[in-house]
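Asker: Below is one structure. I have some questions about it.
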Amino acid sequence: MAEQLNAFQMAQAQFDGVAKQLKLDPVIAEMLRWPMREFSFRIPVRMDDGSTRIFQGYRVQHNDARGPNKGGIRFHPNETLDTVRALATWMTWKCAVADIPLGGGKGGIIVDPATLSVGEKERLCRGWVQAMWRNIGPRLDVPAPDVGTTPQMMDWMMDEYSKLVGQYTPGVFTGKPLGGGGSEGRTEATGFGVTYCIREAMKHLKMDPSKSVAAIQGFGNVAQYAAIGFKEILGGKVACVACWDREDKTSYTFSHKDGVDPRFLLTITDQYGTIDKKKAKEAGYVIEDGSAWISKEADVLIPAALEGQVNGETVKKISSRVRLVAEGANGPCTPEADEFFKKNNIFNIPDFLCNSGGVTTSYFESVQNDMNFYWTKEEVLQRLDTKMTQAFHAVLEMSEKEKVYMRDAAYMVAISRVVKAMQLRGWA
Ligand code: GLU
């Protein structure tokens, strides 16, 4: 199987394997291998120079048996219908494994947001909503931020939707900023959720977090708070972070002899996760090629950037010390990487379990929007910890009971819950 699958083929291949193990009814399996609804549309945007540019937008609603579709919107130059389909499918499993009453969806626009002015970004966000507003809503489909989108963008989108439907509807988008209908703790949620999973996995593996070293790929929202969580909540050392450099159009690995200080790096990182190299060098950081992160001496790898990064080639470079892989990104490890982990007895916390803290807190945000009553940060993070810990142990238990790899166990837990909802609703 040398040929690399695209993200959606990978999502389907993972599903097919588990559908077989679960002996799923073929009709249900056929329904779940494909999204229920897909939207593909053109968005005209008036640019600052007076010209009009047309952007390609998407929204894919994979399955809403357990509740309204839920999932982010990505602004990325390499977005395709298939990446959005894969990510929408993973959202269905993510919400099910986290045991929140939501389905799966994902959206996207083919664009590099860093090339747009603030006004152009706002008009593009509003354009996406003008194309989709009849098919989203608090009881229908609730988008959120993802790669290339920000809390501010969610507020513009929520505002556009509210204007179109004629009433303030904060629950239609989550990941909004504080003061704009957002929830405390949403910014930290995904990275801290990764941290809580690592904490539970380390207990299981009898690893001492305070003696552990992590190598992290990425320095966007997930990686930033996974790094902070690893250092501050678990007391471990972060050997490096790797990030995309917008200007050089390549990635770099940043390491420091005393370990990375993520709070300092945050002060020299722009809103797209690009770290200022000059300031990092002045502070004693060593800057290497973006691929260097994977071969660092570490006990834990946290790929928290994009899909397909740990693959048949790159996985061969990992240090023999690695015992745990915590997937902060969506789909960062390919099936070839999984084979390597299984052979080498490396414990994997699969993406849709590991990074489900973001959507879980999005769920808390929409609950607070519905109640029009807001919790403190401590309350939000405590509830998040409880949910993540329960989700982790449900998957671990399945993995031990069925003697299967963690990813397969997570699929088994998630798919069984979705199938149950489909059956109860009389869909199959
Ligand atoms: N984009 C995030 C994810 O992939 C969050 C989705 C959400 O909050 O709806 O999980």
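The values are calculated or read from the model by the stated rules, or taken from the named source; none is laboratory data. From a predicted model like this one, the values you see are computed outputs, not experimental measurements. Note that each Cβ is placed from the backbone with ideal geometry, even for glycine, and that neighbours are counted across all protein chains shown. Areas reflect the complete protein model, heavy atoms only, side chains present, ligands, DNA and RNA absent. Shrake-Rupley method; radii C 1.70, N 1.55, O 1.52, S 1.80 Å.
Asker: Take the residue pairs K206/K317; K94/K316; K106/K203; K237/K257 and return only those whose Cα atoms are more than 22 Å apart.
Answerer: Working: K206/K317 25 Å; K94/K316 28 Å; K106/K203 33 Å; K237/K257 11 Å.
K206/K317; K94/K316; K106/K203, as the Cα separations exceed 22 Å there.
Asker: Using a cut-off of 22 Å between alpha-carbon atoms, which lysines can reach K249, once sequence neighbours fewer than 8 places away in the same chain are excluded?
Answerer: Counting by Cα, and skipping residues close in sequence, K249 has these lysines nearby: K121, K277, K278, K279, K281.
Asker: How large is the helix-only mean residue ellipticity at 222 nm for the chain, computed as the sum of -39500 (n - 2.57) over DSSP H runs with n ≥ 4, divided by its residue count, in deg cm²/dmol to the nearest 500? Let's see the in-between values first.
Answerer: Values: 14 runs with 183 residues, N = 428.
When only DSSP H runs of four or more count, the value is -13500 deg cm²/dmol.
Asker: Please list the equivalent ellipsoid semi-axes of the chain, computed as the square roots of five times the alpha-carbon gyration tensor eigenvalues, in descending order and whole angstrom. Let's see the in-between values first.
Answerer: Working: eigenvalues 182, 150, 85 Å².
Rounded to whole Å, the semi-axes are 30, 27, 21.
Asker: Determine the percent antiparallel among the DSSP beta bridges restricted to the range 184-272, to the nearest 5.
Answerer: Working: 6 of 11 bridges.
Around 55 percent of the beta bridges assigned by DSSP in the range 184-272 are antiparallel ones.
Asker: Students sometimes get this wrong: rank T250, T267 by accessible area, probe 1.4 Å, all chains present, largest first.
Answerer: Greatest to least solvent exposure: T267, T250.
Asker: Count the net charge of all other residues whose Cβ sits under 9 Å from the Cβ of L381, scoring Lys and Arg as +1 and Asp and Glu as -1.
Answerer: Here the count lands on -3.
Asker: Something else about it: Computed FRET efficiency, Cβ-Cβ of W34 and E402, R0 22 Å: what is it to the nearest 0.05?
Answerer: On the way: r = 26 Å, r/R0 = 1.18.
The formula returns an efficiency of 0.25 here.
Asker: A follow-up question, please. Considering all projection directions equally, how large on average is the shadow of the alpha-carbon convex hull of the range 360-428, in square nanometres? The partial results should precede the final answer.
Answerer: Details: hull surface 24.7 nm².
Taking the Cα atoms of the range 360-428, their convex hull projects to 6.2 nm² on average.
Asker: Moving on to the next point. Can you list the HN-Hα couplings for the range 186-203, worked out from phi with the Karplus curve (6.51, -1.76, 1.60; θ = phi - 60°), rounded to whole Hz and with x for Gly and Pro?
Answerer: 5, 4, 7, 3, 5, x, 5, x, 4, 4, 4, 5, 4, 4, 5, 5, 5, 4
Asker: Can you give me the pair-distance distribution of the range 42-186, C-alpha pairs, 10 Å bins, whole percents?
Answerer: 13, 43, 36, 7, 1
Asker: For the range 1-145, give me the percentage of DSSP beta bridges that are antiparallel, rounded to the nearest 5 percent.
Answerer: Numbers: 17 of 26 bridges.
Counting only bridges with both partners in the range 1-145, antiparallel ones make up about 65 percent.
Asker: A further question follows. Please pull out the direction-averaged projected area of the range 294-379, using the convex hull of its alpha-carbon atoms, in nm² to one decimal place. All intermediate terms of the calculation are to be shown ahead of the outcome.
Answerer: Working: hull surface 26.9 nm².
One quarter of the hull surface, i.e. the mean projection, equals 6.7 nm².
Asker: In addition: With a 1.4 Å probe and all protein chains kept in place, how do S162, S416 rank by accessible area, largest first?
Answerer: Working: S162 15, S416 50 Å².
Sorted by accessible area, descending: S416, S162.
Asker: Rolling a 1.4 angstrom probe over the protein chains, ignoring ligands and nucleic acids, what is the accessible area of D208 in square angstrom, nearest 10?
Answerer: 60 Å²
Asker: How many angstrom lie between the Cα centre of the range 97-115 and the Cα centre of the range 255-271?
Answerer: The range 97-115 and the range 255-271 have Cα centres separated by 27 Å.
Asker: Would you mind finding the longest exposed-site-free stretch of the chain, with exposed trypsin sites (Lys or Arg not before Pro) meaning DSSP loop and at most 16 other Cβ atoms within 10 Å? List each step's numbers first, then the result.
Answerer: Values: sites that count: K23, R139, K206, R246, K249, K257, R321, K403, R425.
After excluding every exposed loop site, the longest remaining stretch is 24-138.
Asker: Can you send over the solvent-accessible area of D338, 1.4 Å probe, protein chains only, in Å² to the nearest 10?
Answerer: 20 Å²
Asker: Using the alpha-carbon centroid of each, what span in Å lies between the range 181-201 and the range 383-428?
Answerer: 20 Å
Asker: Shifting gears a bit: How far is the Cα center of the range 6-82 from the Cα center of the range 234-254, in Å?
Answerer: One Cα centre to the other: 29 Å.
Asker: Moving on. Over the Cα atoms of the range 275-418, what Rg and Dmax result, in angstrom?
Answerer: That works out to 18.1, 52 Å for Rg and Dmax.
Asker: Based only on the alpha carbon positions, what is the Kirkwood hydrodynamic radius of the range 1-69, in angstrom?
Answerer: Kirkwood radius, the range 1-69: 15.2 Å.
Asker: Rounded to the nearest 5, what is the percent of antiparallel bridges among the DSSP beta bridges in the range 229-360? Can you show the working numbers first?
Answerer: Values: 11 of 17 bridges.
Approximately 65 percent, going by the DSSP bridge assignments.
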